[in-house]
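First up is the structure itself, then whatever we jot down about it.
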2 protein chains.
Amino acid sequence: MNDRPPTQITQIRQALTNQIDSGLLAPGMKLPSERELCELFDTTRITLKDALLALEAEGLIYREERRGWFVAYPRLNYNPLYRTYFQRMVTLQKRQVETKVVATGQVVATPVLCKDMELAPLTRLYQICRLRYIDGRAVSYVEHFLKPERFPNILERDLSKSLTQTYEQFYDLHFSRSRFEIYPSAARGEVAQRLNVTAGSPILMITRVNYDQRGMLVDCDHEYWRHDAVRISVDSQAEQPWGNEDQA
Amino acid sequence: MNDRPPTQITQIRQALTNQIDSGLLAPGMKLPSERELCELFDTTRITLKDALLALEAEGLIYREERRGWFVAYPRLNYNPLYRTYFQRMVTLQKRQVETKVVATGQVVATPVLCKDMELAPLTRLYQICRLRYIDGRAVSYVEHFLKPERFPNILERDLSKSLTQTYEQFYDLHFSRSRFEIYPSAARGEVAQRLNVTAGSPILMITRVNYDQRGMLVDCDHEYWRHDAVRISVDSQAEQPWGNEDQA
DNA sequence: TAGTGGTCTAGACCACCCA
DNA sequence: GGGTGGTCTAGACCACTAC
């Protein structure tokens, strides 16, 4: 059933997919400009763009605002239960990682935060906004929300280093439990700018709430990931960072 | 910085977002046709469509092929570690659930399946394809791949019922462990048709591998979710279906 | 059969990036 | 300053849905 002749969009998608799969177009390489591709496939920019958008949705290509289209990198495997040592996790996959602090300060918790963190209305929180780069590309924008009483003077520390490590070293804090939620959404405003994507681009949203060794809720993260940069990977039987399994 | 006047796309998006947030446009309601909206916002279909696509990416609206645009329903909360009793999980959230068997048969494992399921090349597997409906809407297309030796004659059973229950009842099988991966992708071919979405629409892909009470790998699922229909929700300390926590 | 979205044409101007 | 993608115009035909 439904054996229509392939649309132009499909044909263009196929052609580019083949080039990428064959390795002729390697990760990070820039595609020809939209206008050149139009000529190549003898079509208009609108049609061509529909094809590029479909490939973007699949995660095969990505764009940088007004710079062009590029072949996507392999996804990073990410287990959100291991907030611990994010940087080590990346390094183990032989990828380069960098963290930049974008902003820090105090905010009044939003209603959503109050609910997620079980706070009284109008509670103040520390906020730390960071940008994560993998292989030189901004792949996730992260907002951390911390209970201030648990982290005195933390905003004066070097926050470009591992937060987990800072927690352990200066606040005697080890995670005992995490819960997280994941859902697809779209980039808007600041997130879009920071990740260098067009407003409305698909992103993967991860929110996480963390508890310390006494079971106290200590902080919450909002992570905005480029949708093509990550693969969530969880094993119910994997060794947990807080060691409820034997060490190998 | 960057205080451009809002684009038409942004304005249309805002206007529709407000209508939806205020509840004037309720879940399931059909939007006016694209041509009507064009007149309403005094613009062309291309521009209007860009705005609708952005809202679709956010998960606020969805479309059905050539039927129109609709206001999205709340997301289903889904914990992939609880493959157990999917139907009960949905019912607990006061949503209607239905499962339809689309196809069954035997297939030769693809290379990807061989790797995920640790199979020798060219191994045969049972395949069960099902479609899941929530509140009457097709929200996920699921392919189950079963090791045949573990499930004799299962294809002759009623597969529209809970697979978990069938496993327990007829094959003395209880899950002891699951691992899963999640990543955003795009719908193509059969998946797009089954879920009634345009080829290239964003979807959320979940693959899961399951082990029985003896730790043996028994089956694997490929789940294709409408990206706006689901929110993944995992708690490292939650009670597991196989009971490594006290029962409440 | 009327109306819908899906696809497609052939242009245009603009903001921004880079050399 | 030349090239890029982002936005936008004003149409058209077609396949499919709902009636």
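The values are calculated or read from the model by the stated rules, or taken from the named source; none is laboratory data. Nothing here was measured: the structure is a model prediction, and the numbers come from that model. For neighbour counting, all protein chains shown are included, and Cβ atoms are generated from backbone atoms with ideal geometry for every residue, glycine included.
What number of residues within segment B:185-220 satisfy the criterion of being more than 16 Å from DNA strand C (Cβ to nearest atom) and out of contact with any Leu (no Cβ under 6 Å at 6 or more places or on another chain)? Show your work before the answer.
Residues of segment B:185-220 more than 16 Å from DNA strand C (Cβ to nearest atom): B:185, B:204-220.
Among the residues that remain, those that are also out of contact with any Leu (no Cβ under 6 Å at 6 or more places or on another chain) are: B:185, B:204-210, B:213-218, B:220.
Looking only at that region, the number is 15.
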Task: Residues that are within 23 Å of B:GLN106 (Cβ to Cβ) and among the basic types (Lys, Arg), drawn from segment B:137-185 - done: B:LYS147, B:ARG150, B:ARG157, B:LYS161
Task: Those residues of segment B:9-44 which are hydrophobic (A, V, I, L, M, F, W, C), in contact (Cβ under 8 Å) with a residue 12 or more places away in the chain and near DNA strand D (Cβ under 10 Å from one of its atoms), in sequence order - done: B:ILE9, B:ILE12, B:PHE41
- [ ] Give just the number: which of (1) more than 11 Å from chain B (Cβ to nearest Cβ); (2) under 30 Å from A:ARG208 (Cα atoms); (3) within 12 Å of DNA strand D (Cβ to nearest atom) does A:VAL108 not satisfy?
- [x] (3)
Task: Residues satisfying the stated conditions in segment A:184-210, i.e. touching a strand residue (DSSP E or B) at 6+ places or on another chain (Cβ under 8 Å), among the small types (Gly, Ala, Ser) and more than 8 Å from chain B (Cβ to nearest Cβ) - done: A:ALA187
Task: Residue selected from segment B:224-240 under the condition more than 22 Å from A:ARG226 (Cβ to Cβ) and of a type in the set (Asp, Glu), by the criterion nearest to the other protein chains (Cβ to nearest Cβ) - done: B:ASP235
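Answer yes if at least one residue in segment B:147-157 is outside any loop (DSSP other than H, G, I, E, B) and surrounded by 20 or more Cβ atoms within 10 Å (Cβ to Cβ), and no otherwise.
Keep residues of segment B:147-157 that are outside any loop (DSSP other than H, G, I, E, B), which gives B:148-150, B:154-156.
Next, from what is left, pick out any that are surrounded by 20 or more Cβ atoms within 10 Å (Cβ to Cβ): none.
Among the residues of segment B:147-157, not one is outside any loop (DSSP other than H, G, I, E, B) and surrounded by 20 or more Cβ atoms within 10 Å (Cβ to Cβ), which makes the answer no.
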TODO: Output the residues belonging to segment A:158-186 that are in contact with a Ser or Thr (Cβ under 7 Å, 6 or more places away or on another chain) and assigned to a helix (DSSP H, G or I).
DONE: A:THR164
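Give me the residue from segment A:158-183 that is loosely packed, with under 14 Cβ neighbours inside 10 Å and on the phi < 0 side of the Ramachandran plot and, out of that set, nearest to the other protein chains (Cβ to nearest Cβ). Walk me through how you get there before you give the answer.
So in segment A:158-183, the residues loosely packed, with under 14 Cβ neighbours inside 10 Å come out as A:158, A:160-161, A:165, A:169-170, A:172.
Those left that are additionally on the phi < 0 side of the Ramachandran plot: A:158, A:160-161, A:165, A:169-170.
Working: A:ASP158: 26, A:SER160: 22, A:LYS161: 24, A:GLN165: 20, A:GLN169: 23, A:PHE170: 24 Å.
Among them, the one singled out is A:GLN165.
How about segment A:55-99: which of its residues are aliphatic (A, V, I, L, M) and either within 12 Å of DNA strand D (Cβ to nearest atom) or surrounded by fewer than 19 Cβ atoms within 10 Å (Cβ to Cβ) (or both)? Spell out the reasoning first.
Restricting attention to segment A:55-99, the residues satisfying the condition of being aliphatic (A, V, I, L, M) are A:55, A:57, A:60-61, A:71-72, A:76, A:81, A:89-90, A:92, A:97.
Passing the criteria: A:ILE61, A:MET89, A:LEU92, A:VAL97.
Given the criterion outside the structural domain of B:THR207 (by TED's automatic domain parsing), under 21 Å from the mean Cα position of the chain (by Cα), away from DNA strand C (no atom under 12 Å from the Cβ) and closer than 19 Å to B:ALA192 by Cα, identify the matching residue among B:GLY59, B:GLY28. Please lay out each step first, then the result.
Working: B:GLY28 fails: closer than 19 Å to B:ALA192 by Cα.
Every option except B:GLY59 fails the conditions.
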TODO: Kindly list, by first and then second residue, each pair from a residue in segment A:187-216 that is basic (Lys, Arg) and outside any strand (DSSP E or B) to a residue that is within 12 Å of DNA strand D (Cβ to nearest atom) and modelled with pLDDT under 90, limited to pairs with Cβ atoms under 8 Å and residues at least 6 apart or on different chains.
DONE: A:ARG188/A:ALA199; A:ARG188/A:GLY200
Task: Selection within segment B:25-54 - surrounded by 14 or more Cβ atoms within 10 Å (Cβ to Cβ) and within 14 Å of chain A (Cβ to nearest Cβ) - done: B:THR47, B:LEU48, B:LYS49, B:ASP50, B:ALA51, B:LEU52, B:LEU53, B:ALA54
TODO: Tell me, yes or no, whether segment A:123-145 has at least one residue that is farther than 27 Å from B:ALA229 by Cα, within 16 Å of DNA strand D (Cβ to nearest atom) and in the same structural domain as A:LEU92 (by TED's automatic domain parsing).
DONE: yes
